[in-house]
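All remarks here apply to the structure that follows.
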Amino acid sequence: DQSTEYLIGQILPNGEAQSVTAGVTVQLWREEQEWMCAQTDDRGLFSFRRIPSGVYDLKIQVAECEINLVRVSTARTA
């Protein structure tokens, strides 16, 4: 389907610290509402499959804090 895309990412450990990247919660937000939620695998990879093309916010829950990535565009909207 040409109107949907995959959004794939990876959470990497911070510097020399042996941070755990498995099981990190990644939320996909659209229009100020949570759209989907994913967990990272043992390599820190996460994916959202078959999402509509558009602009999203990502909220990543790590042990120390929440990381917010705003206005992430999919390939067809960039």
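The values are calculated or read from the model by the stated rules, or taken from the named source; none is laboratory data. Note that this is a predicted model, so its numbers are computed, not measured. Side chains included, ligands, DNA and RNA excluded: accessible areas come from the protein's heavy atoms. Shrake-Rupley method; radii C 1.70, N 1.55, O 1.52, S 1.80 Å.
GNM remark for the chain: springs join alpha carbons under 10 Å apart, and the peak mean-square fluctuation among Leu28, Leu58, Leu12 falls on Leu12.
Taking all protein chains as present, what is the carbon and sulfur share of the accessible area of the chain, in % to the nearest whole number, probe 1.4 Å? Present the calculation step by step, with values, prior to reporting the outcome.
Values: 2600 of 5450 Å².
Looking at the chain in its full context, I get 48 percent from C and S.
Computing Cα extents along the principal axes in Å for the structure here picks out one of (1) 43, 25, 21; (2) 40, 23, 19; (3) 41, 28, 15, namely (2). Probing with 1.4 Å while keeping every protein chain in the model, the per residue accessible area of the chain equals 70 Å².
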